[in-house]
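The values are calculated or read from the model by the stated rules, or taken from the named source; none is laboratory data. Only a predicted model underlies this, so the values are computations on that prediction, with no experimental measurement involved. Heads up, the Cβs are rebuilt from the backbone with ideal geometry, glycines too, and the neighbour counts pull from every protein chain shown. Accessible surface is based on the protein model in full, side chains and every heavy atom, while ligands, DNA and RNA are left aside. Shrake-Rupley method; radii C 1.70, N 1.55, O 1.52, S 1.80 Å.
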Amino acid sequence: MHIPNILFGISNLRQTNYVIVTIFFYLFIVKSIALTELGILGALVELLQRMFPVSHHRLFSSLWSVLADFACRAGGMPTPQTLQTQIHEQNLQVQLRDEQQRALDRVISKIRASLDLETIFRTTTKETCKLLRVERVAVYRFFENWGGEFVSDFEFAEPGWNDLGFLGQNTVWNDTYLQEHQGGRYQSNHTLVVADVYAAGLSQCHLDILAQFHIRAYATAPIFIGHKLWGVLAAYQHSQPYDWQEQQIKFLTNVATHLGFAVKQSELLAQTQQKAEELQETYERQQLLFNLVSEIRETLDLDILFKTMVRETRKILKVDRVGIFQFAPDSNYHSGQFVAEHVLPAYDSALATAVYDHCFSEKYAMQYEQGRMQVIADLDTAELQECHRRLLKLFQIKAQIITPLMKGERLWGLLCVHQCCQPRQWKETEIQFIKQLAAQFSVALGQAELVAQYRLQATELDKAMQELRQSNFKLEQLTIIDPLTQVANRRRFNEVLDKEVKHQHRTDSYLSLILFDIDYFKAYNDYHGHLAGDACLSKIAKAVQSVVKRPTDLLARYGGEEFAVILPDTNASGAIQVAREIQMAVSNLQITCDHSHEGNGVTISLGITSQIPTPDLSVETLIAEADKALYQAKEQGRNTWVLYAA
């Protein structure tokens, strides 16, 4: 609100008060109020608020705001509004940093929670795109020849840019620079940040490719799986240049790093879990199916089922013949034969008689597949094709009921009920009985096939379950075994030590801990190379494992070149003996070390602690004691052991 407007509002007050207000503004505005007089000015404004009705207080508050702003400007100080703006901007920056950290934690949590690579990358690209406020985040995966492609299933784009499809169809992008230099700068774990492609000094051919894909600004960070460059996590801006902030690049790099950690383990875990779920579902389905089939029919022998069915049906219906006709496979219903029959001796047997009927396949097969029944009371008066009539007379049929036998969705055969001595008026109850009988027999047909399949699948399933148990065991080992040395890892060490401290306290028994590491290992590693260093660690771990034989003892890789040995029910003298045997086992390896400060062989230093755990003894204290003893061993010249003394 401007001062003239405020004065205009005040002019509507009572005339006497108007004079006071006019003098007030003359003294403090025309005479340029000093900053030291603002307190007086505030007091006068408060006095005016007391003089005038409450309805005018808002007007005086606005007057005070304008005058305070005017006075701050006159004194060369930031105005309240400027300070509020600065505070707001700082709060936004703090909020952005907090938001980025929360987002990073959220992304890492989701990466660890999921076993599916597509879910991991989709979640990560979406969260990253939202947080960086860019228009697209994509994942580029390298081929063996250092070409590569953008993986469509791993990409996320904001609305309006996801229809471009430029990276969404597994777009192959073979960058000659990356191919020639096998990943280029990404091999050195460097990021690439370009705020505006047209102001970055890029080559024209590079600009042409970027323009083709509508890229105006980008930031990329490498994705490593172990020491292998797997791909690149890329953030893109299409519409305009983008001022990348350091915090954003750091966030992008952190996300790429955690993606690399997750990919290899996620692939293994996802494959194992998927296989386990599939096998479990198959087992449950087959088990349920087997139980259901067993309830429907007690017999699994179709020959017995066929003979029982036709015999009992003929007796119940008091007919001349009941037969089961099966279509020849792949005959398209042109041919088949009776595979079961029960007939009175006065009539010819139809069993094993080959039947060829082209009329059936052309006129009736489709209808029977849809559930049609044929009921003929008198063959002589029935409206039939002549070819069909001749076939029925061949089997001395005067009346019949024919109903389909289905095997799943396929017409397997026919249940045939024949009256040969004379025509017959079939009762509705007889027709329904035959229909129900055929339905149950169709179930039995399916049962016989499914049981055979189940037996085969059960054998395969048992084999698969054994493989699954082996896979689960291997997977469990991955979580507690150090992959290089094949001894227990730090996680397993912590679990066992915590358990043994509590157990030895309950049993009032000694617990000993040995910490040892390889002397001058860094120099060895630098001189001989990392591969030789890894081989050295593996050999030493194998040698020490031959010493630590008891099932209750544990050898673990504590970290780097440092190892730990947990010895339950072992006092100080026993721990010293084990330490000496470990030292001798390593010495016998005779691992040459040309750079060695003393001698030519690799040696170790050991720190030992041994005591009966008390209620207040912590795992950390026990480790600290062994570590202190190890440090003293190194101070004494290495290649020795020291027992901790309190």
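One table, with the values for the structure above:
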item: Sulfur and carbon atoms: percent of accessible area, the range 443-546 [1.4 Å]; result: 53 percent
item: Neighbour-limited loop hits for trypsin sites (Lys or Arg not before Pro), the range 430-470 (at most 16 other Cβ within 10 Å; DSSP other than H, G, I, E, B); result: none
item: Candidates per GluC sites (Glu not before Pro) in the range 537-615, loop by DSSP, up to 15 other Cβ within 10 Å; result: Glu598
item: Protein-only accessible surface order, largest first, of Ser349, Ser618, Ser605 at 1.4 Å; result: Ser349, Ser618, Ser605
item: Separation between Cα centres of the range 248-267 and the range 176-236, rounded to whole Å; result: 17 Å
item: The range 388-435 - convex hull of the alpha-carbon atoms, volume per residue in Å³; result: 83 Å³
item: Distance between the range 115-135 and the range 491-520 - C-alpha centres, whole angstrom; result: 42 Å
item: Trypsin sites (Lys or Arg not before Pro) restricted to the range 515-579 and DSSP loop, no more than 13 other C-beta within 10 Å; result: Lys549
item: Which listed pairs, of Lys307/Lys435; Lys398/Lys427; Lys275/Lys407; Lys502/Lys539; Lys474/Lys542, have C-alpha distances above 22 Å, in listed order; result: Lys275/Lys407; Lys502/Lys539
item: Overall form of the range 355-457 per C-alpha gyration tensor (a/c, 1.5; a/b vs b/c); result: prolate
item: Ranked packing of 496-507, 224-235, most packed first, by mean Cβ within 10 Å; result: 224-235, 496-507
